[in-house]
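Have a look at the structure below, then the notes.
The values are calculated or read from the model by the stated rules, or taken from the named source; none is laboratory data. In this text the structure is predicted, and so the values were computed from the model without any measurement. Here the Cβ positions follow ideal geometry from the backbone for every residue, glycine too, while neighbour counts run over all protein chains shown. Areas reflect the complete protein model, heavy atoms only, side chains present, ligands, DNA and RNA absent. Shrake-Rupley method; radii C 1.70, N 1.55, O 1.52, S 1.80 Å.
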Amino acid sequence: MEGVPSTTAVAALPRAAWLPRAQAHAERADRLTAVWREAHDAGRRHAIEDFLFTYYPTRPGALRRWHPGAGVVLAVDADDERLGWRWHRAVALPDGGTGATLDVAAFLADRGDAVRYVRALVGATAARPGTFGCFGLHEWAMVYRDGAEGRDHRHPLPLRLGTDGTDAVVETHRITCSHIDAFRFFTPQARGRNQLQPTRETQVALEQPGCLHANMDLYKWCLKLGPAVPGDLLLDAFELARDVRYTDMQASPYDVAAYGLDAVAIETPEGKAEYVRRQRRFAARAQELRGRLLAVCDALLEEA
């Protein structure tokens, strides 16, 4: 192919090898997003899963798109759509065919700072011990003294204990939220009750692997690095974020019974114990994903 660079560094995956992987990825993405898509298509809000598509601004169609990650060449037809995707380039294969691969140099030119930031934040979080005594009180602090009963709070659900009961839980517990993107939604009355005052500047220093939001955010960082992240890692991070989100809302002050879910009643000893059990399981899953994401960042930065 005239004008197209050749490659012999990495053998190209034939279409018969990678197409089934791409299809399996799309089918898995469909399964993971089925609940949200059903609600969305019916014009209904989903108080639990909407967060996964608003706070993390992406759509199911983007999750269906499979990427093999950096350093992999796929044998494709000369008119394959991948050749027009951002940060991709064509390569001439030794057999005369066409390959598609991530253009790492172009990607780093645009996203190098993001790779370095993700590497610093995720690496620091992975190296830090987890803390497991917050009991999900960040959601309670977001509605503390936030108006009368029946007010439309952040989510279209009633408060399980009412406004007075919710305020009492906040006032009788120690709040230790370390995550800036949870803390920034605290009501003004709740901010001073937090033992930490996280900021964007202290995020790398404060984020810790027991935090539910830090673990959900692994999905955000995978999205940030786009096609450099292999598809299985992206969907593993999304699945973790979805699972954490359900616990986050079950442990919140909101009544989630309308979704067929029991509360994790963190105002009780039993609820606290259940929250910590789940928190530790999520932390273990997240640490494995952090290792994989760090490997992606390190491989990219070796090319910088």
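Computed quantities for the displayed model
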{"quantity": "Qualifying residue in the stretch 49-65 (condition: modelled with pLDDT of 95 or more, of a type in the set (A, V, I, L, M) and either more than 17 Å from the chain's Cα centre (by Cα) or surrounded by fewer than 16 Cβ atoms within 10 Å (Cβ to Cβ) (or both))", "calculated": "no"}
{"quantity": "Any chance Glu2 is modelled with pLDDT of 95 or more, open to solvent by 90 Å² or more (accessible area, probe 1.4 Å) and farther than 20 Å from Leu102 by Cβ", "calculated": "no"}
{"quantity": "Residues of the stretch 78-112 that turn out to be in a loop (DSSP other than H, G, I, E, B) and over 20 Å from Gly231 (Cβ atoms), as a count", "calculated": "7"}
{"quantity": "Residue within the stretch 34-45 that is touching a Gly at 6+ places or on another chain (Cβ under 9 Å) and at pLDDT 95 or above present", "calculated": "no"}
{"quantity": "Selection count, the stretch 191-224, where residues are in contact with a Leu (Cβ under 8 Å, 6 or more places away or on another chain) and of a type in the set (A, V, I, L, M, F, W, C)", "calculated": "8"}
{"quantity": "Identity of the residue in the stretch 96-106, at pLDDT 95 or above and out of contact with any Asp or Glu (no Cβ under 9 Å at 6 or more places or on another chain), that ends up farthest from Arg15 (Cα to Cα)", "calculated": "Ala106"}
